[in-house]
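Worksheet: the structure to be examined is printed underneath.
Just so it is clear, none of the values below were taken in a lab; they were calculated from the coordinates. Just so you know, these numbers come straight off a predicted model, no measurement behind them. Note that we place each Cβ from the backbone using ideal geometry, even for glycine, and neighbour counts take in every protein chain shown.
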Amino acid sequence: YCLFRVHGLLDRWLCMDSLEDMAIQPKQLDRWDVLLSEFKREGIYCHLVIFSFGLYERSSANGTTFDERDKRKLQLYLGGDWERAHFRYGAETILNHVNPYTGLAWQDDPAIAFLEFYNEQELGLDRMGQTLVDHPETRAFLERSWRDWLLARHGKTVPPELLGELNGTALVAAPLPPLHDRKSELANEFALFRMHITEQSARWCEEVVRGTGYPGLTTQYNASKKLGESAVRWKVSQVVDMHAYYRHPAGGWGAAGTRVEQSSSLADDAGYWRNTNSTRLSGRPFIVSEFNHCFWNPYQHEGGLVFSAYSALQGFSALQIHSGPVTLQATNPKVGSFTCGASPVV
């Protein structure tokens, strides 16, 4: 097992005990230096994620950042100042830092196999409905960006059905398409707008990362299997990464009311694996950095028989099961939807 994905940890733990944002603690950074050097000693590569959930906020704000994760993901698409400042701080501080145990800056260490910009950023767009209700300022930000893109694309010839109100040549209001609209001209235009901001966001992140001197492989957008995202990945990702779950819990992560469907993955001909496989791009390494056949589904044993075996037979470059494949202590273990190390079945 020679690949470890640093996800959900780095941008939170590095600022543990900090009293202000963007204040990586030397003690915490030293612990990561030790961990990466020990990985390297054992021949274990690192899949580095710059943005997960903590976003380099001070310790007391970490819960808020997680609760507002869909808002932050959406605003990075739009070029939000807060999100860009935090991303730049994290990327530049980490990659320029010299690990005293290896003598190499993180950017120069070949043990970092892949660098990922932002975990599952697509959820900022896919789940924007509630964000736009809860955060009016984010809705206004999105509407401005949408309006500006329409004007740049069409100029004075914006089709009437795309307009809310024109004041001279200024677009006062550009209506957002209904969330479930997939057929109207408005929805088609918004799909193109989504592809535009998706590409622009990744290119900005790439510019920041390359500015540190990092020469290695980068990857971005591992949640959506939409054709538009695949088109953008062709332009911006050197490594194609995807996430895949069979019977991901609905309604929460173990909270009251959580539902896990009970059907077999073989009943739909391993559709979750086939959907994942459909996002591969010719000539690019293809990895799956999160997958699981989730508990409480009674066919959990199919995970290895289906996903792992078919991936091996079809030449996937890497698999990283989510989560916790290695458990050093299993005192009073609790098996949850994504438990691996403490699960007898997994």
(request) Treating only the Cβ atoms of Lys and Arg (+1) and Asp and Glu (-1) as charged, compute the dipole magnitude of the range 189-275 about its Cα centre; round to the nearest 20 debye. (result) 20
(request) Scan the chain and report its longest stretch carrying no trypsin sites (Lys or Arg not before Pro) that are both in a DSSP loop and have at most 13 other Cβ atoms within 10 Å. (result) 1-181
(message) Taking only Cα atoms of the chain, what ratio of Rg to Rh do you get with Rh as the Kirkwood inverse-distance radius?
(response) 0.98
(request) Find, among the chymotrypsin sites (Phe, Trp or Tyr not before Pro) in the range 1-93, those assigned to loop by DSSP (not H, G, I, E, B) with at most 10 other beta-carbon atoms within 10 angstrom. (result) Tyr1
(message) Taking 22 Å as R0, compute the FRET efficiency from the Cβ-Cβ separation of Arg31 and Cys2 and round it to 0.05.
(response) 0.55
(request) State, to one decimal in nm, how far the label point of Gln130 lies from the label point of Asp269, with both points 7 Å from Cα in the Cβ direction. (result) 3.4
(message) Can you compute the modelled spin-label distance between Ala231 and Arg139, with each label point 7 Å from Cα toward Cβ, in nm?
(response) 2.9
(message) Placing unit charges on C-beta atoms (Lys and Arg positive, Asp and Glu negative, everything else neutral), compute the dipole magnitude of the chain about its Cα centre in debye, rounded to 20.
(response) 500
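Say a site is exposed when it is one of the GluC sites (Glu not before Pro), sits in a DSSP loop, and has at most 13 other Cβ atoms within 10 Å; what is then the longest site-free stretch of the chain? Spell out each step's value before the answer.
Working: sites that count: Glu20, Glu42, Glu261.
The answer is 43-260.
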(request) Note down the net charge around Val345, summing +1 for each Lys or Arg and -1 for each Asp or Glu among other residues with Cβ under 15 Å from its Cβ. (result) +1
(message) Can you compute the modelled spin-label distance between Ser278 and Trp296, with each label point 7 Å from Cα toward Cβ, in nm?
(response) 3.1
(message) For the chain, give me the percentage of DSSP beta bridges that are antiparallel, rounded to the nearest 5 percent.
(response) 20
(message) Starting from 0.36 nm per residue, how many nanometres of slack lie between Phe66 and Leu217 once their C-alpha separation is accounted for?
(response) 51.6 nm
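For the range 170-297, rounded, prolate or oblate, judged on the Cα gyration tensor with a ≥ b ≥ c (square roots of eigenvalues), a/c < 1.5 rounded, else prolate if a/b > b/c?
Oblate, since a/c reaches 1.5 and b/c is not below a/b.
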(message) In the chain, if the dipole is taken from +1 on Lys/Arg beta carbons and -1 on Asp/Glu beta carbons about the Cα centre, which of Ala140, Val326, Leu55 is farthest to the positive end?
(response) Val326
(request) Pop the C-beta distance of Arg182 and Met16 into the FRET formula with R0 = 41 Å and round what comes out to the nearest 0.05. (result) 0.40
(request) Treating the Cα atoms of the range 52-98 as identical point scatterers in vacuum, please give the log10 of the normalised Debye intensity I(q)/I(0) at q = 0.14 Å⁻¹, two decimals. (result) -0.34
(request) Could you compute the FRET efficiency for Asn332 and Gln238, with r as their C-beta to C-beta distance and R0 at 56 Å, rounded to 0.05? (result) 0.85
(request) Relative to the compact-globule scaling 2.2 N^0.38 Å, provide the ratio for the alpha-carbon radius of gyration of the range 1-120. (result) 1.04
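Given +1 on the Cβ of Lys and Arg, -1 on the Cβ of Asp and Glu, and no further charges, what dipole in debye does the range 48-135 carry about its Cα centre, rounded to the nearest 20?
Approximately 140 debye in magnitude.
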(message) Please enumerate, by chain and number, the lysines with C-alpha under 26 Å from the C-alpha of Lys27, excluding those fewer than 8 residues away in the same chain.
(response) Lys40
(message) Give the lysines whose C-alpha is closer than 19 Å to that of Lys225, dropping any in the same chain fewer than 8 places away, or say none.
(response) Lys73, Lys183, Lys235
